[in-house]
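Reading through the structure tokens given below for one structure.
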Amino acid sequence: MLKKIQRTLSQFIQSQSLGGVVLALAAIVALVASNTGFSAVYERFVYLPVELRIGADLLVLAKPLVIWVNDLWMAVFFFLVGLEIKREMIEGELASPSQALLPAGAAIGGMVVPALIYTAINWGDGVALRGWAIPMATDIAFALGILVLLGNRVPSSLKVFLTAVAIIDDLGAILVIAFFYTADLSLSMLLAAGGGILVLWLLNRARVMAIGPYVVVGLIIWLCVLKSGIHATLAGVITALAIPLSDGKGGSPLKVAEHALHPWVAFAVLPMFAFVNAGVSLQGVSLGTLFQTVPLGIAAGLVAGKAVGVFAASWLLMRVAGARLPEGASTRQFLGVCVLCGVGFTMSLFIGALAFDGLDPQYATQVKLGVLGGSLIAGVLGAALLLVRPAGRDGS
């Protein structure tokens, strides 16, 4: 069983790391397109009208492509996140309190400190404060991609630690979106979504092992949640948590779904999200723009807040709760991974889009500059710390 879990985790890390490369390329292409003669073509593509119609007036959903990607495609990403969370909590790195203690505490520290730094920098500006949660998230694909590219300089235990921290980060981001970035609520649609959740529960209790019925009900829940005022991506998490982990015969519907979805999310969903969201025109952007409070708060939160929060919480747990450094890791290497947790990208851009939705477009530009700049600095600094000395030597 242990070897099976290790093999699954190894496959997960490899797919995430390669996906991180594709994600980076998509972001670079978007930036180039936004600042060259292709900018008009890029804008037309991002805001391409896409309409779903059933009957004449029974159901009409008309949105630009970027909204479909952010609301529907990202629901698939959140579905995968939900599968990963459930698996990790039942049989993975979060299955017992002793295993979960260090990554859970580190993740909480890595969410609280960046939010406090952003809030302190933007204190007094009610609109800017809407973005307080942007620097809380870790992008697992980018961060793991950097670790894998560093090869055997990084102990595998640190890759496992980073994976667990990022998954808990995602869970925190899900809760933040649900409680703090929700529009006016529709009670009727919430009740309808609740009915769908009840059906998912009944399917699970009836030991339905086919994934299809869960997906069909999940799509109905997604539509209800979309109309309810809560962000529709949360339907993906809810659906995932209903998928059975074991069929009682040695098989796992959850792992089958997770394995099937990984390549689609890594090489289609997230790169498309990056492409339609990372494009930002640098025309008129000056050094002063970078030091406005929103991008400064995001970058400072990602670079300093994440490193301090993750490391300080971990140090405290080692002092008072008996937690230990991941096996084979030096203090310097552990600090490097703490800094890498500041690579926010996907979830940070996603939360930023929710935080300033419908407001002055300048905020969208500032969010992208802060996220891209902060993630780049955190990635470079983290990699530099990990490259200082070969693995196996104490860099403390």
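For the range 240-320, the helices (runs of 4 or more DSSP H) that sit wholly inside it and include 1 or more residues that are farther than 25 Å from Ser39 by Cα, out of contact with any Asp or Glu (no Cβ under 9 Å at 6 or more places or on another chain) and at pLDDT 95 or above are 293-300, 306-320. Considering the range 80-119, and only residues there that are of a type in the set (A, V, I, L, M, F, W, C) and modelled with pLDDT under 85, the residue that is nearest to Pro263 (Cα to Cα) turns out to be Val81.
Checking the stated criteria, Arg324 turns out not to satisfy the condition of being outside any loop (DSSP other than H, G, I, E, B), under 20 Å from Val160 (Cα atoms) and touching a residue at least 24 places away in the same chain (Cβ under 8 Å).
Any residue in the range 63-77 that is touching a strand residue (DSSP E or B) at 6+ places or on another chain (Cβ under 6 Å), under 24 Å from Met347 (Cα atoms), aliphatic (A, V, I, L, M) and not in a strand (DSSP E or B)? Yes, that holds for at least one residue. Cβ-Cβ distances below 8 Å connect the following pairs, each with a first residue in the range 23-41 that is in a helix (DSSP H, G or I), a second residue that is among the polar types (S, T, N, Q), and a separation of six or more residues or different chains: Leu23/Thr346; Ala30/Asn277; Ala33/Ser39; Ser34/Ser281; Ser39/Ser281.
For the range 222-239: of the residues being open to solvent by less than 30 Å² (accessible area, probe 1.4 Å) and not in a helix (DSSP H, G or I), which is nearest to Ile167 (Cα to Cα)? Residue satisfying both the conditions and the ranking: Thr233. When Leu219, Leu203 are checked against the criterion of being buried (at least 18 other Cβ atoms within 10 Å of the Cβ) and out of contact with any Gly (no Cβ under 8 Å at 6 or more places or on another chain), a single residue qualifies: Leu203. Per the listing Val217, Val160, Val165, Val154, the residue uniquely modelled with pLDDT of 95 or more and β-branched (Val, Ile, Thr) is Val217.
Restricting attention to the range 126-177, which residues are in contact with a Ser or Thr (Cβ under 7 Å, 6 or more places away or on another chain) and among the polar types (S, T, N, Q)? Within the range 126-177, no residue meets the criteria. Quick check: is even one residue across the range 329-349 without any contact (Cβ under 8 Å) to a residue 24 or more places away in the chain and open to solvent by 10 Å² or more (accessible area, probe 1.4 Å)? Within the range 329-349 (the criterion being without any contact (Cβ under 8 Å) to a residue 24 or more places away in the chain and open to solvent by 10 Å² or more (accessible area, probe 1.4 Å)), the answer is no, since none of the residues qualifies. When restricted to residues that are of a type in the set (A, V, I, L, M, F, W, C), over 16 Å from the mean Cα position of the chain (by Cα) and at pLDDT below 90, the range 326-382 contains 3.
Taking the range 304-325 as the search range and keeping residues that are open to solvent by 10 Å² or more (accessible area, probe 1.4 Å) and β-branched (Val, Ile, Thr), which one is nearest to Leu158 (Cα to Cα)? In this case the residue turns out to be Val308.
The values are calculated or read from the model by the stated rules, or taken from the named source; none is laboratory data. Computed from a prediction, not measured in an experiment: that's the story for all the values here. As a convention, Cβ positions derive from the backbone with ideal geometry for all residues, glycine included, and neighbour counts pool all protein chains shown. Accessible surface is based on the protein model in full, side chains and every heavy atom, while ligands, DNA and RNA are left aside. Shrake-Rupley method; radii C 1.70, N 1.55, O 1.52, S 1.80 Å.
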